[in-house]
Amino acid sequence: MEELNSELIGILQAPEVHAVFAQVNPACADYLSQAWDAKAYEQAAVDYCELFILPKGISPMAGAWYDKGAGAEAASIKIQQAVGMLRSSVDLALPQPFQQTPAEHAGVLLFICGRLFAADDQEIQGRGLPFFHVTTSTWLQAFSKALSGNRVSPFYQAVGTLVENTRLALEA
């Protein structure tokens with residue numbers, strides 16, 4: 001959703017989180033363990049920009065991963081409608097970085113899926129898998145493959161692998 005910052009680095013360096021990234025990609029563990037000075041943050045910002053903002057990067061938008069043509073636009077509209085319908089029926093507050101982000105953004109969709117799956121209410125929890133299938137199942141594999149195969153950052157390689165592992169677990 002945004003560049004790495006000190007708050008996020010603190011979360012990623014927590015032992016239980018760091019261990020997951022280390023298991024997925026040892027180079028990521030080294031990356032997260034580096035001294036996070038101004039130069040490291042600047043490089044992280046450059047990596048983020050190269051991967052997600054500059055042309056020919058890895059688009060985090062669902063529509064970019066559908067077959068080109070009318071199918072991608074129709075799929076984007078379907079996802080936007082599913083998010084809108086869910087948010088109108090479930091009290092789901094989005095944190096600041098998500099509030100101005102398009103509904104078909106991978107970060108928004110994965111955040112919503114996570115909140116649904118972690119809900120205390122069984123009815124809301126039961127909406128998680130159908131929401132996942134409607135909004136992400138047709139394109140998430142291509143996105144995670146591109147992300148895990150990037151040569152820009154071991155952190156984003158690990159994120160791609162974790163997204164793919166999550167997708168596979170939910171598809172099972």
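Output the residues belonging to region 1-29 that are touching a helix residue (DSSP H, G or I) at 6+ places or on another chain (Cβ under 9 Å), more than 19 Å from Pro60 (Cβ to Cβ) and part of a loop (DSSP other than H, G, I, E, B).
Residues satisfying the conditions are Gln13, Asn25.
Might you check whether a residue that is in contact (Cβ under 8 Å) with a residue 40 or more places away in the chain and either on the phi > 0 side of the Ramachandran plot or out of contact with any strand residue (DSSP E or B) (no Cβ under 9 Å at 6 or more places or on another chain) (or both) occurs anywhere in region 114-126? It would help to see each step written out before you state the result.
Of region 114-126, the ones in contact (Cβ under 8 Å) with a residue 40 or more places away in the chain are none.
Scanning region 114-126, I find no residue that is in contact (Cβ under 8 Å) with a residue 40 or more places away in the chain and either on the phi > 0 side of the Ramachandran plot or out of contact with any strand residue (DSSP E or B) (no Cβ under 9 Å at 6 or more places or on another chain) (or both), so the answer is no.
Does any residue of region 125-140 turn out to be surrounded by fewer than 17 Cβ atoms within 10 Å (Cβ to Cβ) and charged (D, E, K, R)?
No, region 125-140 contains no residue that is surrounded by fewer than 17 Cβ atoms within 10 Å (Cβ to Cβ) and charged (D, E, K, R).
So how many residues does region 72-102 have that are surrounded by 12 or more Cβ atoms within 10 Å (Cβ to Cβ), outside any helix (DSSP H, G or I) and not hydroxyl-bearing (Ser, Thr, Tyr)?
Summing the residues that are surrounded by 12 or more Cβ atoms within 10 Å (Cβ to Cβ), outside any helix (DSSP H, G or I) and not hydroxyl-bearing (Ser, Thr, Tyr) in region 72-102 gives 4.
Please find, within region 138-172, the residue that is nearest to Glu73 (Cα to Cα) out of those that are over 12 Å from the mean Cα position of the chain (by Cα) and β-branched (Val, Ile, Thr).
Thr138
Regarding Leu147, is this residue farther than 17 Å from Ala62 by Cβ and at pLDDT 95 or above?
no
The values are calculated or read from the model by the stated rules, or taken from the named source; none is laboratory data. Remember, it's a predicted structure, so these values are computed and weren't measured experimentally. Cβ sites come from the backbone with ideal geometry, for glycine too, and all protein chains shown count toward neighbours.
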